[in-house]
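I have placed the structure first, in the form of structure tokens, so that the comments after it can refer back to it.
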Amino acid sequence: MYALLLFAPAATLYWRRAWVFLAVTLIVSAVAALNISSGLLSERARGLIQKGQPLWDRILVILLIVSYVGQVVLIPLDVFRFHLMAKPGAFISFFGLVLYVIGWWVLTLAMKINPFAVPVVRLQEERHQRVIDTGLYAIVRHPMYAGFAPFAIGPALWLGSYPAALLALIPIAMLAARAVCEERFLKRELQGYEAYTEKVRYRMIPFVW
């Protein structure tokens, strides 16, 4: 997917940083797959629209995908055609790649801890869903959403587009809105979740929000 979204708009395969990015993606994806249970991987492969998923979540998921894909596509368009802003320097670019790896690390840890971290909001009664309050979930209530921020911003910086890094704020904001709606749903449907929100005070950013 990344190869198509990056190289097609760029209209060239001669983009060294994009190849490095793809190589890093393969490595971190493999590490993630080795650390996540096969049961969760199967659940996550079921799709982004599922039975029991509220309408508002279906809408937010579609908007999230569209905004994220648009953000990724803007990277090659800006680098090779638009040149909207000056490119990040070497240090900022490398920092972006580090951010991307950190994002993957946070996502992987969250999925390793939480066997119910499926991509849709729904009550997983058939899997006996329960509240997870250990590991990263003892720090923030939505560590996967928190990990998405460096995951989305990092590649734009590494590949050389400040505008795309700024555009990442749109899918990040959508995840923040989804976190609020998701918590209302879980407080109503999942036993113990309201007590968990009182125990862990922050949604995505420790000591901030």
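Once you sort the root eigenvalues of the Cα gyration tensor of region 55-125 as a ≥ b ≥ c, which label holds: rounded (a/c under 1.5), prolate (a/b larger than b/c) or oblate (the other case)? It comes out oblate by the Cα gyration axes.
If the segment from ALA173 to PHE116 were pulled out straight at 0.36 nm per residue, it would be longer than the present Cα-Cα gap by 18.2 nm.
Over the chain, what is the relative contact order in whole percent, taking alpha-carbon pairs under 8 Å and six or more residues apart? Could the numbers behind the result be given before it?
On the way: 250 pairs, mean separation 58.1, N = 209.
In percent, rounded to a whole number, it is 28.
What's the angle, to the nearest 10 degrees (0 to 90), between helix 143-159's Cα axis and the longest principal axis of the chain? Helix 143-159 sits roughly 0 degrees off the main axis of the chain.
Once you reduce region 1-50 and region 163-209 to the center of their Cα atoms, the two points are 25 Å from each other. Averaged over its residues, region 132-209 has an accessible area of 46 Å² per residue, based on protein heavy atoms and a 1.4 Å probe. When a/c is below 1.5 the answer is rounded, else prolate if a/b is larger than b/c, else oblate, so apply that to region 34-77 with a ≥ b ≥ c taken from the square roots of the Cα gyration tensor eigenvalues. The shape class here is oblate.
By the scheme Lys and Arg +1, Asp and Glu -1, what is the net charge of all other residues having a beta-carbon under 15 Å from that of ALA176?
+1
Show me the ranking of peptides 199-208, 180-189 by mean Cβ neighbours inside 10 Å, starting with the highest.
Ranking the peptides 199-208, 180-189 by packing returns 180-189, 199-208.
Counting protein heavy atoms only, region 17-78 has 75 percent of its accessible area on carbon and sulfur, 1.4 angstrom probe. Non-local lysine pairs in the chain, meaning eight or more places apart or on different chains, with alpha-carbon distances under 30 Å, amount to 5. Counting charges near SER37 (Lys, Arg +1; Asp, Glu -1) among other residues having Cβ under 14 Å from its Cβ returns a value of +2. Estimated from the Cβ-Cβ distance and a Förster radius of 45 angstrom, the FRET efficiency linking ARG16 and ALA195 is about 0.30.
When every Cα-Cα distance of region 23-145 is counted in 10 angstrom steps from zero, the calculated P(r) takes the values 11, 31, 36, 17, 5, 0 percent.
Helix content alone sets the calculated 222 nm mean residue ellipticity of the chain: runs of n ≥ 4 DSSP H residues at -39500 (n - 2.57) each, divided across all residues, give -21000 deg cm²/dmol. Within region 184-207, list the residues whose amide N lies under 18 Å from a label point set 7 Å along Cα→Cβ of LEU63. Correct set: 184-185.
Each peptide in 190-197, 69-76 receives the mean, over its residues, of other Cβ atoms within 10 Å, and ordering these scores from highest gives 69-76, 190-197.
For volume of the Cα convex hull per residue in Å³, computed directly from the structure shown, the correct entry in (1) 164; (2) 122; (3) 135 is (2).
Using Cα-Cα distances under 8 Å and only pairs 6 or more residues apart, what relative contact order does region 119-209 have, in percent? Provide the component values of the computation, followed by the final result.
Numbers: 70 pairs, mean separation 40.7, N = 91.
Taking the mean separation of contacting Cα pairs over the length of region 119-209, I get 45 percent.
For the chain, the longest principal axis of the C-alpha atoms and the axis of helix 16-35 are separated by about 20°. The C-alpha atoms of the chain define a longest principal axis, and helix 169-189 lies at about 10 degrees to it.
The values are calculated or read from the model by the stated rules, or taken from the named source; none is laboratory data. Treat the numbers as computed from the prediction; the structure is a model and nothing was measured. Using ideal geometry, Cβ is built from the backbone for each residue, glycine included, and neighbour counts are taken over all protein chains shown. Keep in mind that these areas ignore ligands, DNA and RNA; they rest on the heavy atoms of the full protein, side chains included. Shrake-Rupley method; radii C 1.70, N 1.55, O 1.52, S 1.80 Å.
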